[in-house]
Every structure is written in C-alpha cells, then in structure tokens.
Amino acid sequence: MPVWWFLAAAALWPLLSATFNLPDTAGVRHTSAEVRRSKAAVFAFIATDCPISKAYAPELARLHAEYAPRGVAFLAVHSDPAVSAPEVRRHVREFGYPFPTLLDPKQTLARALGVKVTLEVAVVSPEGRLLYRGRVDDRYVDFGKTRPAAHRQDLRAALEQILAGKPVTEPETRALGCAIPFELTPRPAEVTFTRDIAPILFRNCAGCHRPGEVAPFPLLTYQDAARRASLITRVTASRYMPPWLPAAGYGHFQGERRLTEAEIQRIRRWAEAGAPEGNPRDLPPPPEFPQGWRMGKPDLVLRMPKPFAVSADGPDRYECFVVPMGLNADRYVQAAEFRAGDRTLVHHALFLLDRSGLARRRGEQYPCFGTPGFLPSGALGGWTPGSSPIHMPAGISIPVRRGTDLVFQIHYHPIGKPGLDQSELALYFTAQPPQKHVVDIALVSRAIDIPAGDASYKVRDHFTTPVDVEAIGIIPHAHYICKDMKGWAVLPDGRKVWLIWIRDWDFNWQDQYHYAAPIRFPAGTRFEMEFTYDNSTANVRNPNHPPKRVRWGPDSTDEMAGLHIQVVPVHNADLPELGQALWGKIMRSVGGGFYRRPEAYSDKRF
Ligand code: HEC
C-alpha cells in the first residue's frame, strides 16, 4: 500500500471522529467509540431509490452474518437530505438490513471517507484509519452490464487480510452506483431545466420514471432530476437510458426510444453547469398518463392463478403460468394489454397460446427459460417495461379457438427484497375474422457449437419468399452471449434493405418490434440473418466463468438464434404457397418428422 494512503487517511480521521455522532433509524445514537471496540468497521452507503444499492441488501446481510461474529462492526449510512427519516426506516425494514442504519443528511461521513456513490463501502480500523474503500464485488461492470455472478469478492478479500493483520493489497476499487446527491451550486447557463431538460425527460423518460411504474425513481420535477444530474448524464451518454436496442437507421419502428445526439449534449451541459433550474414560466405542462386499462373495459381479463413469490436475490427466474381461457366459442383477438402485478419484478412477458393441452399437463406453473415446453398454437405478443398495449393492424385479428389455454412466460428479476407477482392480460375481441394472415418467417439455426473463448462466432440463416409479402414486425431472440444481431433483405434487383441491427444485445431488454409502416418485399426477396456470439471472458454477461463450449439448447447457459420476421402475404391466395415453402425450410433444418405441420398455414380454417 502506498505511504500517501496512510497519510491521507490519517489526516481524514480527526474530522471523522469529531463529527461521528449520528442517530440511526430507531433514534439510537452511534459514535466512533463503537468503531474502537471492533476489529474493523464496515460503513455501507445505501440509498432508498438506487437499484444497485437495493440489489446488495441480501449480500450485505450475508457478509454481516459471516464477519460480525469475527469482530467486524457493520453500519449502513444514508446520506440523502431529500429522503425523510420515516422513508429510510421503511426501506431498511423492507430490505431487512440486520445492522443499524445511520442518518447522515449533512453527508459528513460520506465526505470524511471520500465515498461518492451508493452502494459503496468504507472499512475503517479501530484507530480510524481508512483500510478499504470501494465496491463489495465486481458484479456491476457498467450500467446495464452485470455479471451473472461475481468473479472477485473485493470486500471479503479486504476483510480477510485485515483480520489476518496483513495490509490490504488493493485498498481502493471503483464502485459503480448512484451518485450521492452532494449539494450543487448552479451557475447561470444557457441550458436550464425548465426550458431545455424537462421536455426531454417528459417525452423520453417519464413513461417509466413516474410513481407506480417500473423505473426505480420518478423523473418529473426539477428536484427529481437535479439531484441525479450526473447519473442521468452518464446513462444517457452511454445510451443505457432510455432502453432501446435497435441501432438508428436500420429499420424504423413504432415507439422508438432514442435521444438525439443534441439532446444528450444538452443534458451534459446542464449537469456541468450545476443543474440550474431556470424560469418556472418556461416549464411545459407535465405529461399525462391514462389510468386503468387504456382501451376501456376489456372483454376478458386473464390472471395468473396464484401470486408467484420471487426471492430477494439469486438468479433471474423464468416461469410459465397456464391459464385456461374458458372460451366456449372461437374468438378473434384485436387488442391486448398486460398489467404486471409487481412492476419492479417483471422484466418481460410473452403471451402464448396452447391448444395441445401439453402446457396444462405440466401444471399451473413451471420453470421455462428458453422454450415453453410445447409448440405454441399461436401467440398474442409480448410486453416489456414501457411498451404500449398490443393492437393488431386493421384486418389482422388473432384467431383463438375454444378450449385454448393462455400461457404467460414471465422473466422475473430479483430486486433485493422478496416480492409477489400476479400479473394479468386484458383481451379485446372483434367479430371480424382476419382478412389477412400474419406469417412468421423464422430465420433460425440449431447448428450452434461455440468453442470456449471464441469472441466472434457467427450463426446464419436465410429464406427466399416465393410470394409478395409485407413485413409488419420483427422479433429477435438469443440468450446471454449473443452480441450482435443483423437482419436484412436482398431484393430481386440486388438492393439491400435493413430489417434490424442490434449492436449490443441485452437479454434483459428484448422486445417485439413493429415497423412504423409495413415494408413491401416482392417474390424472390431473400431474407438473411447473421448473429455474432462472444464466448470469451471479455463478455461480462457470459454465464460461464471460465467460458465453456456452448451449444444450442433451451437453458440459460445454452444459446439460441432466432430472427422472426412477421409478414403478411400481399395476396391472401398466396398463403398456402408461403406456408409450404416455410414448412420445407423447417423440415430441412430439423431433419423431418419432428413437429406436426402447424394448421396455421392452411387457409381453410377461419
Ligand atoms: C422503458 C422504461 C424506461 C424508460 C423509457 C427510461 N427508463 Fe431509466 N430505468 C428504467 C428501469 C427499469 C431502470 C432500473 C434498471 C435496473 O434495475 O437496473 C432504470 C434506471 C435508470 C437510472 C438509474 C441507473 C441504475 O441502474 O442505477 C437512471 C439514472 C435512469 N434510468 C434515467 C433515465 C432517463 C434520463 C431516461 C430518459 C432519457 C430514462 N431513464 C428512460 C426504465 C426506463
């Protein structure tokens, strides 16, 4: 450890000891005497509204259980003057911290220990020397880039060395988290919140960042935004927020969530000027959001049979829930809206139809990561946070036969405290049988065998349409180590038309994309896909550490490759021909006889 470190820490200590007399959430006072009686003290800086801080609550409880009996004191510290003591008390109870939480609204401890973000920890010796400052482990590499499990346990390593009386070999690491809101001194600037920033946030963020929605805090008022100015600058510059995977200029989709370069720069300049508020008269009216079902009273609401319990941490869960639809006649679905029971837990959902009875034979609920365990007889679309209700284009309703079961396939992401979810789907029927038919051109491959360490493994597939079609949407699918997804069409005259390009695939933000306007492709168009996988250690999302050979399969450590182009034949009479061609493609890829020919390709039904 460099000598300057001791000197700097020693110089800090008098300040710390002089000011360290703080109440916890129960009103009990704590002082530096407590630290002097311990072998070392861990100060964990937490925040009630920070996802990374919350996610570490169970790990801090485990560390406490392990090290408190060995003489290590644990104290959480809350340093945000804008959050009231009762709110902190509620948070601490909900997330079950087994040690006291100090209220430090003046942020003296954070300043004295040089802590900048939540969650960040500082370990102090009984004499008050700073021995370690930084992250708990290396799970969070960047916003939106998280390892499935930590490779390095930095806090544990430091505590082991301290308890063994050895110097800490790495006394400082960089914690990734939410900036502690130290007071800002806004300077007069040409960029202000009311005139320049509020319109950006209202249009691009408030849909998710408002009370009762999926995001961890609201971004509606000046206070909401100013105290997070640096964090907002960072997540918008990296384009982690707003979440949207397709690259600009490679297909135009409905509901694109993307800031312009100018908007990103405006946010940065505003934060650099200390987040000035500006003239209140410039503030646009706050956005309005509809309450309740957005399309009025549904014809049918289908709900998960029972609440599903999600634990405080551990791996993400993928569950299927089977709900009998109870239809005594065939119906046509025109629209559907999903409502997550607990929006903080549900990461995404798919709505599948099963007429085979296979799903219900597996029970009301069963784990299902990659495939639902049956060949769906249809699908009603999907949901990701912030997505709009599903509305089929005019003339394209989705037929649902009587006796069909709905299967919710839901991805849950633990958030640091246990929770319960019971989600539901509202359906709107139409008397109109479909005039046109949506066909899934599935560019897929099972020929996936990725050597350990291969950072650029490619999977390709193609299909040439024998009839004129219009593409209305596209659904990409792969698991964790896929990096890059490209889809394009080569027209008979040789021109190339992009369908989609995702440069940094993130399984957590998978979506179903609808084109802003249908794209017409003449017979003879060749659809192509190329997915690239990174099975090296450099890929932080790699579920295997060290990397292992990865093959096709439904599990989270297997891979898949699917680019589903949703097309409508321009002439209804062409449907059987397209169906035959696609069926031939499936047969070639699976070697024949594996699945029953889906009835969906016959034009005689409905
Ligand atoms: C589609 C919904 C959605 C939209 C739109 C959205 N966010 Fe978020 N945001 C989220 C969710 C969900 C999280 C929590 C991620 C997590 O739990 O890791 C989040 C987290 C954040 C964070 C905290 C980073 C972290 O993980 O700790 C910031 C800052 C943020 N968003 C800013 C913005 C800004 C600024 C915008 C608009 C420019 C925006 N968001 C738009 C859903 C959204």
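The values are calculated or read from the model by the stated rules, or taken from the named source; none is laboratory data. This one's a predicted model, so the numbers in the text were calculated from it and none came from an experiment. Here the Cβ positions follow ideal geometry from the backbone for every residue, glycine too, while neighbour counts run over all protein chains shown. All accessible areas refer to the heavy atoms of the entire protein, side chains included, with ligands and DNA or RNA removed. Shrake-Rupley method; radii C 1.70, N 1.55, O 1.52, S 1.80 Å.
Summary of computed values
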item	result
Candidates His479, His413, His391, His462 - the one that is open to solvent by 40 Å² or more (accessible area, probe 1.4 Å) and in the same structural domain as Asp504 (by TED's automatic domain parsing)	His462
Elements of type helices (runs of 4 or more DSSP H) contained in segment 33-118, each with 1 or more residues being more than 21 Å from Pro23 (Cα to Cα), in contact with a Cys (Cβ under 7 Å, 6 or more places away or on another chain) and open to solvent by less than 20 Å² (accessible area, probe 1.4 Å)	51-55
Close pairs (8 angstrom Cβ cut-off, 6 or more residues apart or separate chains): on the phi < 0 side of the Ramachandran plot and assigned by TED's automatic domain parsing to the domain that holds Arg361 in segment 295-323, among the aromatic types (Phe, Trp, Tyr) and part of a loop (DSSP other than H, G, I, E, B) anywhere	Tyr318/Phe369
Residue list for segment 334-345, restricted to those being more than 15 Å from the chain's Cα centre (by Cα), open to solvent by less than 50 Å² (accessible area, probe 1.4 Å) and either outside the structural domain of Pro389 (by TED's automatic domain parsing) or of a type in the set (D, E, K, R) (or both)	Glu337
Candidate set from segment 346-363 (those that are open to solvent by 20 Å² or more (accessible area, probe 1.4 Å) and part of a helix (DSSP H, G or I)); member that is farthest from Ile398 (Cα to Cα)	Arg361
Tally of residues being more than 8 Å from the ligand (Cβ to nearest atom) and open to solvent by 30 Å² or more (accessible area, probe 1.4 Å) across segment 225-243	5
Residue that is surrounded by fewer than 19 Cβ atoms within 10 Å (Cβ to Cβ), away from the ligand (no atom under 12 Å from the Cβ) and charged (D, E, K, R), where the choices are Arg258, Arg303	Arg303
Test set (1) out of contact with any strand residue (DSSP E or B) (no Cβ under 6 Å at 6 or more places or on another chain); (2) surrounded by fewer than 17 Cβ atoms within 10 Å (Cβ to Cβ) - Tyr366 fails condition number	(1)
Residue that is nearest to the ligand (Cβ to nearest atom) [pool: residues in segment 170-195 that are farther than 19 Å from Phe45 by Cβ and surrounded by 19 or more Cβ atoms within 10 Å (Cβ to Cβ)]	Phe193
Hits in segment 206-224 - residues which are in contact with a helix residue (DSSP H, G or I) (Cβ under 8 Å, 6 or more places away or on another chain) and within 13 Å of the ligand (Cβ to nearest atom)	His209, Pro216, Phe217, Pro218, Leu219, Leu220
Qualifying residue in segment 46-55 (condition: within 20 Å of Leu159 (Cα to Cα) and hydrophobic (A, V, I, L, M, F, W, C))	yes
